[in-house]
1. Could you work out how far apart the two model spin labels at Phe469 and Ser338 are, taking each label as a point 7 Å from the Cα in the direction of the beta carbon, and quote it in nm?
2. Could you please put Ser336, Ser193 in sequence from largest to smallest accessible area, using a 1.4 Å probe?
3. Taking Rh as the Kirkwood radius computed over C-alpha pairs, what is the Stokes-Einstein D of segment 107-229 at 25 °C in a medium of viscosity 0.890 mPa s, expressed in µm² per second?
4. Just by accessible area at a 1.4 angstrom probe, what is the order of Asp165, Asp631 from largest to smallest?
5. Tell me, rounded to the nearest percent, the portion of alpha carbon pairs in segment 491-639 spaced more than 18 Å apart.
6. When ligands, DNA and RNA are left out and all protein chains stay put, how many square angstrom of accessible area per residue does segment 439-567 have with a 1.4 Å probe?
7. Ranking request for peptides 209-218, 315-324: highest mean number of other beta-carbon atoms within 10 Å first, then the rest in descending order.
8. Carbon and sulfur together cover what percent of the accessible area of segment 491-556 at a 1.4 Å probe radius?
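The values are calculated or read from the model by the stated rules, or taken from the named source; none is laboratory data. Everything quoted here is computed from the prediction, not taken from an experiment. Neighbour counts are summed over all protein chains in view; Cβ atoms, including those assigned to glycine, are modelled from backbone coordinates with ideal geometry. These accessible areas exclude ligands, DNA and RNA; they are computed on the full protein's heavy atoms, side chains included. Shrake-Rupley method; radii C 1.70, N 1.55, O 1.52, S 1.80 Å.
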Amino acid sequence: MRKSAWLLLNVIALLGGCGPDRLDPNAQPNPQPFPEPFPVTPSSGDFLDPRIVTGSPVSLAVTPPAISGGTLLVTHEGDVAIVADPDRDRVLVVDLVARAVIEQTTSLPPGAEPGRAIEDADGRIHVVLRGSGDVFSFTPGAIASGERHHVCAMPRGIAYEEATDSLHVACRSGQLVTLSTAGEITRTVQVESDLRDVTILGGHLFVSTFRQAHLLELDATGAPVTDRVPATFAGFGGGGFAEDGARSGPGATGFAPAVAWRTTTVPGAQTIAMVHQRESDTRVEPQPGGYGAGGGTGCGQSGIVQSAVTFFGADGSISDGVEIPAATLPVDIAFSHSGDEVAIIAAGNESGLMAVQVFSRSSLETSGSFSCLSSDGSFVSPPAGRGGAPTVDVAVAVNAIAAAYDGRDRLIVQQREPSALVYLGQTISLGGESRFDTGHSVFHGNSGAFIACASCHPEGGDDGRTWNFDGIGDRRTPALHGDLRGTEPFHWDGDMTDLGTLVHEVFTGRMSGPSLDAHQVDALGGWLDAIPAPVGEASLDTAGAARGQGLFYGEAHCGDCHSGALFTNNTTVDVGTGGRFQVPSLIGVSYRLPLMHSGCATSMRARFEPGCGGGDSHGQTSQLSPEARDDLISFLETL
C-alpha cells in the first residue's frame, strides 16, 4: 500500500470528528507511541498481517482460540474498561484516565477463553468463560476475589435484567440459563441450538442464533414468540451504477443472511442492532478468483460474502440492512451513549487497514446507504439517489477484535496481538506474551478479496450454508473441528488430496490470497488440528443414548464407516445420495445442521427420512422403530 494512503488513514483517524471530544485536549500524553502499521508487502496483501510472510512461520505450542469478538466493556462510570483476553485466558481492568492496567486475573484455568462481559446494578462485572463453561463474577478493585459459576458446556452471550436482578446466559447448545448475580441458577430452558447473544429491550428478552442470524423474542417462560431474520439482499456480482443510482450490470445475485457475529441494543432507542454476514445464494465459480472476483479496494466488490448491519425495532420493524464494504469478519459493533455513532470492527483486516469503521447510525438505518474505498485509501460516495454515503472515520488498529465507547463517547478499540487498547490516538499496552500464530493469522486474514477462511468457517466451525458450485452442485460447508489432518482427502468429493492442495486451490486460487509455502501450510494445519470440538451436553435420556450407541455399532451399522476416535474411516463412498462423497466425522454433528453434502437434512431426524439420507445404502435404519431412531439420535447428540 502507498505511503500516502497510510498517511491519509492516520490523519482521518486522528482528526475525523465523528463523535464529540474524540481527541481530548486535556489528555495527558502516553509514553507509548501510537503503533506504526506493519509494513505491507505486495506478496502478503494489504489486509493480512505481514508476519505471515516475514520470517519463519510461528506455530505456538498452545494455540490461540478462534476469534469471536465483542470482548470489551466500559463500566457505567465511563472511565474504566473491562478487557476479556481470550488469547491469554485473563480479564483485565484498565483505568482509562491513567491509561494503565489496574488489575488482572491470575487464576483462570487454561482454555477459559473469556468472552462477553456485562455489569450489574451494583457495579459487579460478569464475564462469560466460553472454554470452561462458567461465568466469572467480580467487583472491580477486587478481581482476585472473583468467583466462577458453571452455567453450561458452551456459553456465549450474557445480559443483565435489572427488573429481576438476574443474569441471562445464551449457550451454543440452545440452553438459556438464568442465574442470580450471586451465581445461583434459577432457570434453564431449551430454546434453539446455536444461540449467540442475549439482550433485553422494553422488558422483553431476545436471543440471536449465530449461523442463521435469527433474532428470537422469548415470552416469560422462555419460549420463542417471534422469529425475525435480516432481509435477503438483491446484490450484484460485478457491474456498477445506473444513472438513477441503482446497481446494474452482469451477475445480479442475492445475498442471504448468515453468521450474526454481534447483536446488541442501541442506547436511547427501542432498537436492536445485528452485525452479520450475507452470503451469495446463487451459483459460485470454483475457479481462480471465484470467491471474490475483482477483489482490490475499489467499489466493484463482488465477493460471495458481504458484511451488513440490520436494525430490529421494538415495533417489529426490520431495516433493509446496509452493506459495509471492506469489513471482513465483522466481529463487533459498538454504539456511543447517545446511540448516534456506530463503530464496526473487521477482524479479518489484520494489518489495520479498514479494521475500524465509524458511521452515523442514521446512515446505517437508511435503505440503500453505501460506501466504498477508492484506490488511494479515501472514501467515495455512491451516485445520487442512494440515500447518501455514511460518514466514515478510519482508525488503524492491528488485529482489532472489539470496540466500546467511554463516558464521553470517545472510541476505544481492543487489539488482540499485540495486546493493547487503542484510545485517543495512542495505545495502552496490556502486556502479556505474544500470541501471534501463523496458522491462526492465515485462517482469519482477509485474503485480499474481502473474504477469509473464517468467513465460511466462523470460529473454526461452519456457516450452515449449502453453496451451489458451477459444474459441481450443492455442497454443504464442512466443519473444521480439530484433528483435520489425518482425515484426507478433503472436500465432499475428496478432490483435495491434502492440505497443501486445498490451500493452493482455495485460499490462493479461489480467494485470491498469496501463495503459501510448505512451512506456512504446516502452521495452518497445526492450528486447525487444535480447534476444540463442540462439547456435547449430557443427554437427558441417558438410557436412550446408551441404547442408541448399541444400535450405532450394531443393528444400524453406522460404525462400519463412522469409526475410530473421529467417527470416520476417511473413505470416499457412494451411500445412495447421488454420488461418491467423503465419510464426514460425526464429532459435533448435532451442532452443524443441516446435514449431508446437499444440506437436505435440516434436522437430525430428517437424516433418516426417505429422499435425503440414502436409505439402507447409508447404514441400515429403515427397520428401526421411531423410538429406536430417537435413541440413535440421542446418542449422536452426545458426540
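1. 5.0
2. Numbers: Ser336 5, Ser193 50 Å².
Ranking Ser336, Ser193 by accessible area, largest first, yields Ser193, Ser336.
3. Details: Rh = 14.3 Å.
Roughly 171 µm²/s, to the nearest whole number.
4. Asp165, Asp631
5. Working: 6980 of 11026 pairs.
The share of Cα pairs beyond 18 Å in segment 491-639 comes to 63 percent.
6. Details: 4870 Å² over 129 residues.
Solvent-accessible surface per residue comes out at 38 Å².
7. Numbers: 209-218: 22.7, 315-324: 16.8.
In descending order of packing, they fall as 209-218, 315-324.
8. On the way: 1710 of 3050 Å².
On segment 491-556, the fraction of accessible area on carbon and sulfur atoms equals 56 percent.
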